[in-house]
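The values are calculated or read from the model by the stated rules, or taken from the named source; none is laboratory data. What you see is a predicted model, and the numbers here were worked out from it, not measured in a lab. Counting neighbours? That spans all protein chains shown, and the Cβs are built from the backbone with ideal geometry, glycine included.
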Amino acid sequence: AAGRAMPFVPPAAPSVRLLARQLGLDLSRIRGSGPGGRILIEDLAPFLRRPAEPTPTSAENRPPTRYPTDAESFDLGTPGTRLPLTGLRKRIAEHLTTAKRLIPHYSYMDECDVTDLVRLREQLKEAAAQAGIKLTYLPFLVKAVVAALREVPLVNSTFDEAAAEIILHDHYHIGIAVATAAGLIVPVIKDADKKDIWTIAQDIERLSQQARSGRIHWNDLQGGTFTITSIGNIGGLMATPIVNHPQVGILGVGKIVKRPVYDEHERLRPAHLVYLSFSFDHRVVDGAVGVVFGNAVRRHLQKPAALLLSPPPAVSPTSR
């Protein structure tokens, strides 16, 4: 009996055969461009851009299509360490994901000359230390933000998605982002409009220590109407901070740098500058309103002595 003819197997390098197997290709159906019909790696290139021809398989026996997960797609062939999101880290991730998903953010940055603020803080720092108060720039920022919120009350609000309502607040509870070993925590300085620089400085120090030690009370994390986050203490200039949902605005503060600037007489002078990074919820705060608010913050920081004074009482719309 005549023997069965062996299928023709074109010549190809082992690496080419391996790639063909991975692609599910039948080399006997590919025309080689090398010497003697040898199949080269380039001959497989067209099949890298289109699916391989399916082999005849009955539908009932065909395995279901399985697509790789993101983690599998990122596999580089070396195992990594998986860190489960638990506790505070998980809550932070969920909160920030909600904020980015619900809020149409926009951000803008501006430059602020804080030369007078730097000078004023230096003058007050020794007296504050003698009173046991650590005087940073944050208390001045809180006072400047409160003054700006009084001028632009729309920014001192929260947004209720379920009711499609903007809630304007008549209190000024300012959140201060604090980096801890467990993650970012935002303690809230309640009624900041009714407190002076010294009291705010004490509140910031107390709340920050409690947050870092894990002893902060739940009530001190609730009710914020606006948030300040500082990246300057670790060297950052600008940022695009995420709005602390359901609030509608946040201020990111960069480090203070010394730069030459021109004065009103076109003369160069040294100045201390800080970059302010604002993010807002565009559903509530339009771009023009955000800039007006930012300009108000800058104006109050540039005249810091006024921040030491108690603000005038709010005037009721019905008062005469």
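What the table shows:
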{"quantity": "Output for the stretch 211-224, where each listed residue is buried (at least 18 other Cβ atoms within 10 Å of the Cβ) and of a type in the set (D, E, K, R)", "calculated": "ASP220"}
{"quantity": "SER208 being of a type in the set (S, T, N, Q), at pLDDT below 95 and either assigned by TED's automatic domain parsing to the domain that holds GLU94 or surrounded by fewer than 18 Cβ atoms within 10 Å (Cβ to Cβ) (or both)", "calculated": "no"}
{"quantity": "Subset tally (residues that are β-branched (Val, Ile, Thr), part of a loop (DSSP other than H, G, I, E, B) and more than 15 Å from LEU276 (Cα to Cα)) for the stretch 215-261", "calculated": "3"}
{"quantity": "Filter pass, ILE204 being of a type outside the set (Phe, Trp, Tyr) and in a loop (DSSP other than H, G, I, E, B)", "calculated": "no"}
{"quantity": "Lone unmet requirement of (1) acidic (Asp, Glu); (2) in contact with a His (Cβ under 7 Å, 6 or more places away or on another chain); (3) buried (at least 18 other Cβ atoms within 10 Å of the Cβ) for ASP203", "calculated": "(2)"}
{"quantity": "All positions within the stretch 240-255 that are among the hydrophobic types (A, V, I, L, M, F, W, C) and either closer than 26 Å to ASP160 by Cα or surrounded by fewer than 19 Cβ atoms within 10 Å (Cβ to Cβ) (or both)", "calculated": "ILE242, VAL243, VAL248, ILE250, LEU251"}
{"quantity": "The stretch 30-56 - residue that is aliphatic (A, V, I, L, M) and modelled with pLDDT under 80 and, of those, surrounded by the most Cβ atoms within 10 Å (Cβ to Cβ)", "calculated": "LEU44"}
{"quantity": "Count - residues of the stretch 225-237 that are crowded, with 21+ Cβ neighbours inside 10 Å and without any contact (Cβ under 8 Å) to a residue 60 or more places away in the chain", "calculated": "2"}
{"quantity": "Single residue of LEU184, LEU168, LEU149, LEU141 found to be modelled with pLDDT under 95 and within 20 Å of ASN244 (Cβ to Cβ)", "calculated": "LEU184"}
{"quantity": "Pick from the stretch 102-116, criterion assigned to a strand (DSSP E or B) and touching a Lys or Arg at 6+ places or on another chain (Cβ under 9 Å), ranking: surrounded by the most Cβ atoms within 10 Å (Cβ to Cβ)", "calculated": "CYS112"}
